[in-house]
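A short worksheet on the structure shown next.
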Amino acid sequence: MRPFILVIFGGTGDLTKRKLIPAVYRLLCIRGQLPTLHVIAVGRRNLTDDVFRADMREAMRTESGIEMNDVQWSCLSARLGYETLDFVSDADGYRRLESRIRMIEAVSGESVSDRLYYLAVAPEQFTVIVQHLADNGMTARMEAGSGIRRVLVEKPFGTSLEDAAKLNRHLLSLLDESDIFRIDHYLGKEMLQDILAVRFGNAVFEPLWNHRHIEYIRILSHETLGVEGRGGYFDHAGILKDMVQNHLLQMLALIAMEPPLQLDPESIRDEKVKVLRALRPFTPESAGPDAIRGQYGAGTVRHSKGTSVLMPAYRSEERVSPESDTETYVCLKTWVDNLRWGGVPFYLEAGKRMSRKTTQIIIQFKPLSGRQPYPEFGQAGANRLVFEIQPREGFHFIVNGKRPDADWAMDEVSMEYCQSCRADNNSPEAYERILLEAWRNNASLFARWDELYHSWIFIDSIRACWQLEKPVFPNYPAGTDGPPDGFLQPPD
Ligand code: BG6
């Protein structure tokens, strides 16, 4: 069978260890979904195959808690290889890489392979790597009749609209759009797929999914983690670019989009991009009250096991400037200016070093009051649908029911679906799905350029406003829920 080769640039990096190799292991050795997969990790460090394999085994044990028995380990290790290569200056290295791929093809008895080149490297290296691949005839455009030759580009895709557009132009000068897969790993999360299923697979929600019935929508992503050794990158990015430009806007687009013509990648992306185009850019007047930023100071973070640890302030993190004005928390009140959503605020909130890890989307329906003919039900709360993206996966719907034995007193009751609580829960990790769907050519799990274009216009409008005023940081202690009073807090 034709081999499927995953070449990971950034092969010794954190993402490879923590996410990509565990995903490969599950796809190859547990699920058996990619039986012909081979991985070549490419990095600058001078390592042998054996040392690389041993490093990965150790990392999977310590970082992902995956203990493999000998059979599982030989399944994985037989498919892992390592190639030393300086991405920028080692032109010969790309020829060595090609020969190595040819050897795998020869051993499999095939003359071609399907290839994914995964760029898990600093963004400034994206174009130089693709240029070398193209110069060596390793991309599809250069080699007619070749197998699949797709390039997966990790985020961040640019640092501003201008920078992202330049990167995009360069990639398009070397590759076809259909071979560029811009990664947003949130699109690989099980519950993001479920948003479309719940919205369009149930007759009850779609008629209510608009400004007449919805009071507000809140999308929040709280993490207990800080910058975890990525201070050098994060201090230039900030959470607005690190989380909102991609993950939160993708969630917003899935929640707010019109029904696509079909569930194919282009129809879905066509509808998502219309939402991103309709986002109202910020102005200095609106950014003041409605684009709140924060940065954590020192504070105590409670871990799930019950222990508490005193964490340093952001400004004391490794490779962060002691005077940094980079935001680690953001809360935006924003608007989708179209007929469906006129007047409905969308609250987008992301924070690092918060009190607990949770990603949720809350759809708050309007209360009955005003249309309520029964005074007895006056205390009934409004309905709410909550998508629980992580760590618990599922959704619940809050409705009102009568309290037993208490005349007409009402209680909120929660109708729950907890997917991750099911004994047979088998949700794939986001990166498993990303690799599998890139191979299957399911581009709906990847961002199209026009989506990024419009998301950058929105993000740049906030950054431009923030540049006008120096923030007073830090303004929330690590381990809390962001900046206190005086800041925008959407009603719970
Ligand atoms: C990444 C960000 O894209 O997403 C990180 O760069 C963040 O800063 C991570 O921690 C969060 O991903 P997840 O899947 O843990 O919610």
**Fill in**
Residues of the range 397-416 being closer than 14 Å to GLN360 by Cβ and either of a type in the set (Phe, Trp, Tyr) or surrounded by fewer than 16 Cβ atoms within 10 Å (Cβ to Cβ) (or both), in sequence order, are PHE397, SER414, GLU416
**Prompt:** Looking at the range 45-67, is at least one residue more than 24 Å from GLY229 (Cα to Cα), in contact with a Lys or Arg (Cβ under 8 Å, 6 or more places away or on another chain), open to solvent by 10 Å² or more (accessible area, probe 1.4 Å) and without any contact (Cβ under 8 Å) to a residue 60 or more places away in the chain?
**Reply:** yes
**Prompt:** Any chance the range 113-133 includes a residue that's out of contact with any helix residue (DSSP H, G or I) (no Cβ under 6 Å at 6 or more places or on another chain), farther than 15 Å from ARG44 by Cβ and loosely packed, with under 14 Cβ neighbours inside 10 Å?
**Reply:** no
**Prompt:** Out of ASN426, ASN442, which single residue is open to solvent by 50 Å² or more (accessible area, probe 1.4 Å) and over 25 Å from HIS213 (Cα atoms)?
**Reply:** ASN426
**Message:** Pairs please, first residue from the range 155-174 and in contact (Cβ under 8 Å) with a residue 12 or more places away in the chain, second anywhere and of a type in the set (Val, Ile, Thr) and surrounded by fewer than 20 Cβ atoms within 10 Å (Cβ to Cβ), Cβ atoms under 9 Å, 6+ apart in sequence or on different chains.
**Reply:** LEU161/ILE457; LEU167/THR127; HIS170/THR127; LEU171/THR127; LEU174/THR127
**Item:** Breaking point among (1) within 26 Å of LYS189 (Cβ to Cβ); (2) in contact with a Lys or Arg (Cβ under 9 Å, 6 or more places away or on another chain), for GLN72
**Value:** (2)
**Fill in**
Scanning the range 398-412 for residues that are in contact (Cβ under 8 Å) with a residue 24 or more places away in the chain and part of a loop (DSSP other than H, G, I, E, B) gives ASP407, TRP408, ALA409
**Asked** Of everything in the range 208-235 that's more than 11 Å from the ligand (Cβ to nearest atom) and among the hydrophobic types (A, V, I, L, M, F, W, C), which residue is nearest to GLY13 (Cα to Cα)?
**Response** LEU220
**Request:** Output the residues belonging to the range 236-277 that are more than 11 Å from the ligand (Cβ to nearest atom), under 19 Å from ASP460 (Cβ atoms) and open to solvent by 20 Å² or more (accessible area, probe 1.4 Å).
**Result:** HIS236, ARG277
**Answer from ALA313, ALA287 - the residue that is more than 16 Å from the ligand (Cβ to nearest atom) and open to solvent by less than 10 Å² (accessible area, probe 1.4 Å)** = ALA287
**Complete:** Per the filter on the range 328-351, residues open to solvent by 10 Å² or more (accessible area, probe 1.4 Å) and either farther than 27 Å from ALA313 by Cβ or of a type in the set (D, E, K, R) (or both) are LYS333, TRP335, ASP337, ASN338, LEU339, ARG340, GLY342, GLY343, PRO345
**Asked** Can you name the number of the only condition in (1) open to solvent by less than 20 Å² (accessible area, probe 1.4 Å); (2) within 29 Å of LEU28 (Cβ to Cβ); (3) within 16 Å of the ligand (Cβ to nearest atom) that LEU452 fails?
**Response** (2)
**Message:** Suppose the filter is out of contact with any Leu (no Cβ under 9 Å at 6 or more places or on another chain) and either under 30 Å from ARG293 (Cα atoms) or buried (at least 18 other Cβ atoms within 10 Å of the Cβ) (or both); does GLY394 pass it?
**Reply:** yes
**Which numbered condition PHE205 fails, given (1) in contact (Cβ under 8 Å) with a residue 12 or more places away in the chain; (2) within 16 Å of the ligand (Cβ to nearest atom)** = (2)
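The values are calculated or read from the model by the stated rules, or taken from the named source; none is laboratory data. Values in this document were obtained by computation on a predicted structure and should not be read as measured data. We place every Cβ from the backbone using ideal geometry, glycine too, and count neighbours over all the protein chains shown. When the accessible area is computed, the model is the full protein with side chains, heavy atoms only, and any ligands, DNA or RNA have been set aside. Shrake-Rupley method; radii C 1.70, N 1.55, O 1.52, S 1.80 Å.
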